1. Fewest Cβ neighbours within 10 Å first, please rank Val133, Val44, Val65 accordingly.
2. Can you tell me how much longer the chain between Glu166 and Cys150 gets when fully stretched, taken as 0.36 nm per residue apart minus their C-alpha distance, in nm with one decimal?
3. Arrange the following residues from fewest to most other Cβ atoms within 10 Å of their Cβ: Ile39, Ile151.
4. Run the numbers for Glu51 and Asp159: contour at 0.36 nm per residue of separation, minus the present Cα-Cα distance, in nm.
5. Please give the calculated 222 nm ellipticity per residue for the chain, where each DSSP H segment of at least 4 residues contributes -39500 (n - 2.57) and the sum is spread over every residue; nearest 500 deg cm²/dmol?
6. Based on DSSP loop calls and a cut-off of at most 11 other Cβ atoms within 10 Å, the longest stretch of the chain free of exposed trypsin sites (Lys or Arg not before Pro) is what?
7. Would you work out the relative contact order for the chain, in percent, from Cα pairs under 8 angstrom that are 6 or more residues apart?
8. Against the longest principal axis of the chain, how steep is helix 125-135, in degrees 0 to 90 to the nearest 10, with axes from Cα atoms?
Amino acid sequence: MTSLDPRAPLVLDTRELGRRPGSQRDVVRTVPAPTELGIEVLRVPEGSPVELDLRLEAVMEGVLVSGSASAELVGECARCLEPIEEMTEVRFQELFVYDDVRHDPQDAELDDEVSRLEDDMLDLEPLLRDAVVLALPFRPLCEEDCPGLCIECGARLADDPEHAHEEPIDPRWAGLTALKDVVPQDPSTTQE
């Protein structure tokens, strides 16, 4: 009994390959993006279209899946917090081993890392998630040379490149700033 739902958009049935090495099938489809496909500041919105272009090929051990996925990313710049909207395309390749292929008990640690078919069905979601997340920049930027925000007032420096503030006044001299506002006396009227 399989835990995969054959109606799920990212579950593919490989039975028509017939476990004949060399047989292959091309799959092109648009699927809704699964939840949390990305990182905190840049992601593919849940339910948005993901274009898949895949080749399923039967090999001795299982089914080799190779192809690409493209989708729209949304997020915000890590420096200035401006919205980012751009397309991404990721390539991937993974071998899904037949579920009845025997494995070496001494390779139990490796067995956890192997993708397996379940009743000749495979789930692309973990493969898609890994490919997208690994392709995303750690710190997404709206422009390669984004200057960011002013550390004093938070103004976006790309909008105002000449943005500046007066030099901060040393707190020890701050009391003297009040004196510059006092009207100076006329030296001819001063008494000696």
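Every read-out reported here was derived from the displayed coordinates using simple, explicitly stated rules and does not represent laboratory data. These numbers come from a predicted model, not from an experiment. Note that we place each Cβ from the backbone using ideal geometry, even for glycine, and neighbour counts take in every protein chain shown.
1. Details: Val133 15, Val44 26, Val65 21.
In increasing order of surrounding Cβ atoms, one gets Val133, Val65, Val44.
2. 4.4 nm
3. Lowest count first: Ile151, Ile39.
4. Numbers: separation 108, 0.36 × 108 = 38.88 nm, distance 3.53 nm.
This chain segment gains 35.3 nm when fully extended.
5. Details: 2 runs with 17 residues, N = 192.
After summing the helix terms and dividing by the residues of the chain, the value is -2500 deg cm²/dmol.
6. Numbers: sites that count: Arg7, Arg102, Arg172.
The segment 8-101 is the longest one with no such site.
7. Values: 313 pairs, mean separation 36.4, N = 192.
Relative contact order, the chain: 19 percent.
8. Roughly 40 degrees between the two axes.
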